[in-house]
Amino acid sequence: MYKIPVYQPSLNGNEKKYVNECIDSTWISSKGKFVNQFETAFANYIDVKHATTVSNGTVAIHLALLALGIGEGDEVIVPTLTYIASVNAIAYTGATPVFVDSLSESWQINPDDVLKKITTKTKAVMAVHLYGHPCDMDPLVEICKKHNIFLIEDCAEAIGSLYNGKHVGTFGDISTFSFFGNKTITTGEGGMVVTNDETLHDRSVHFKGQGLAKHRQYWHDVVGYNYRMTNICAAIGLAQLENIEQVLKEKERVADTYRSLLANTPVVFHNQVGNNVYHSYWMCSILTSNAKERDALRTHLENQGIETRPLFYPVHTMPMYSAQYQRHPTAEDIGWRGLNLPSYPGLKQEEIEFICKEINIFLQLNNY
């Protein structure tokens with residue numbers, strides 16, 4: 001057991017009250033009032049017209065791709081520096097993921113590289129707001145409009161993040177969120193698909209519910225999926241959403257403390273880039289000098305009871321996606337030498353100070 005885990009959820013609101021209400025009412029499956037209440041509250045929070053709950057963040061991406069009609073023979077441009085789910089969901093549809101590099105300062109998808117990778121087969125660009133920092137959306141929106149291709153936002157790690165004063169998830173044709181146990185708000189397992197397009201919303205709802213026809217009981221007119229969220233999960237999600245502003249303030253406090261205490265060290269903190277974005281700091285992340293130093297630092301912190309995680313490895317380097325040799329130097333550089341520090345909202349000030357002290361001890365002992 002770690003003394004300080006890398007993440008743990010904050011469950012200090014109405015979670016127990018709402019879950020007990022589900023149990024008392026016997027509405028524990030995918031029907032019940034909390035499903036609709038959570039969908040409505042979430043749509044209102046990010047200011048989008050339509051939101052539909054799903055069972056996890058991975059199926060949210062798959063559902064978004066299905067709603068757009070993406071399939072075999074299509075290409076979807078995606079950053080290689082992302083969690084594997086972003087890419088696997090593309091593969092589920094039979095489409096081909098086309099990898100692009102990242103920007104060195106923000107770690108987000110590189111719009112210039114996106115432009116270079118567009119072909120006649122390109123059907124969509126997937127912008128992944130990595131670790132809570134928004135992508136540079138203006139050029140991505142412009143590129144997609146100019147080339148008549150869809151824009152998908154994977155906001156799994158970016159609930160509460162803003163670009164030009166607007167929530168991420170409101171720029172694309174369709175967007176997805178995750179509510180896994182380590183996300184900014186959680187339902188245990190769960191996700192959301194959001195859009196301002198009524199047809200895309202209707203298609204998402206249709207596909208997620210086994211392809212059940214609207215007006216004919218037990219009549220299914222497409223091959224659908226069981227991607228529904230339970231009423232219990234939605235109840236937890238609604239309670240979590242009620243406290244999201246406090247959670248975001250806490251995460252900002254954690255990030256500010258790390259930034260201050262690590263300011264005069266060789267490690268590079270993942271800072272917010274630009275005044276037009278709000279970084280929600282799902283994870284507080286740093287870069288070391290190289291992969292060897294990163295791994296040694298992780299071992300040192302683990303020996304002190306501090307859990308860390310490596311940054312995501314670039315997906316183009318993984319066996320199932322590496323048949324065609326590629327180089328994405330910025331993503332590779334960030335992925336090999338980065339790590340995530342404990343980042344949960346309840347992290348105490350003295351715990352952050354202890355973590356930073358141990359980082360400094362390691363750096364001094366190893367002459368970094």
Among M318, N243, H270, the residue whose Cα sits farthest towards the positive end of the charge dipole of the range 212-326, when +1 is placed on the Cβ of each Lys and Arg and -1 on the Cβ of each Asp and Glu, is M318
May I ask which of K183/K249; K123/K146; K166/K208 have a Cα-Cα span longer than 18 Å here?
-> K166/K208
Counting only C-alpha contacts under 8 Å and six or more residues apart, can you give the relative contact order of the range 244-368 as a whole percent?
-> 35 percent
Whole-Hz Karplus ³J(HN,Hα) for the range 322-331, in order, using 6.51 cos²θ - 1.76 cosθ + 1.60 and θ = phi - 60°, x for Gly and Pro?
-> 10, 4, 9, 5, 9, 10, 10, x, 5, 4
Once the Cβ-Cβ distance between K145 and N271 is put in as r, and R0 is 45 Å, what FRET efficiency do you end up with, to the nearest 0.05?
-> 0.90
What ranking of K251, K3 emerges when the number of other C-beta atoms within 10 Å of each C-beta is taken as an exposure proxy, fewest first?
-> K3, K251
Would you work out which of L68, L261, I352 lies farthest towards the positive end of the dipole of the chain? Charges go on Cβ: Lys and Arg +1, Asp and Glu -1.
-> L68
Which FRET efficiency, nearest 0.05, do K121 and Y92 yield, Cβ-Cβ r, R0 25 Å?
-> 0.90
Multiply the residue gap between E252 and K292 by 0.36 nm, knock off their C-alpha separation, and tell me the result in nm, one decimal place.
-> 11.5 nm
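What does the charge count around R203 come to, taking other residues whose C-beta lies under 13 Å from its C-beta (Lys +1, Arg +1, Asp -1, Glu -1)? Display every interim value, and only then the final one.
Working: positive: K208, K214; negative: D173, D197, E198, D202, D221.
Residues near R203 contribute -3 overall.
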In the range 26-73, the trypsin sites (Lys or Arg not before Pro) that sit in a DSSP loop and have at most 12 other Cβ atoms within 10 Å of their own Cβ are K31, K49
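Only counting other Cβ atoms within 10 Å, I'd like K17, K123 sorted with the fewest neighbours first.
Numbers: K17 10, K123 21.
Placing the least packed residue first, the sequence is K17, K123.
Rounded to the nearest 500, what is the 222 nm mean residue ellipticity of the chain from helices alone, with -39500 (n - 2.57) per DSSP H run of 4+ residues and division by all residues?
Rounded to the nearest 500, the figure is -12000 deg cm²/dmol.
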Principal-axis tilt of helix 244-261 within the chain, Cα atoms, nearest 10 degrees | 20 degrees
Just going by the charge dipole of the chain, with Lys and Arg at +1 and Asp and Glu at -1 on Cβ, which of S161, V125, Y281 is farthest out on the positive end?
-> V125
Translational diffusion of the chain, µm² s⁻¹ [Kirkwood Rh, Cα pairs; Stokes-Einstein; 25 °C; 0.890 mPa s] = 116 µm²/s
How large is the dipole of the chain about the Cα centre if only Lys and Arg carry +1 and Asp and Glu carry -1, each at its Cβ, rounded to the nearest 20 debye?
-> 460 debye
Give me the angle, in degrees from 0 to 90, between the Cα long axis of helix 291-303 and the longest principal axis of the Cα atoms of the chain, rounded to the nearest 10.
-> 90 degrees
Can you give the angle from 0 to 90° between the axis of helix 137-147 and the longest principal axis of the chain, with both taken from C-alpha atoms, to the nearest 10?
-> 50 degrees
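Every number here is computed from the coordinates shown, using simple stated rules; none is lab data. Values in this document were obtained by computation on a predicted structure and should not be read as measured data. When we count neighbours, we look across all protein chains shown, and the Cβ atoms used for this are built from the backbone with ideal geometry, even at glycine.
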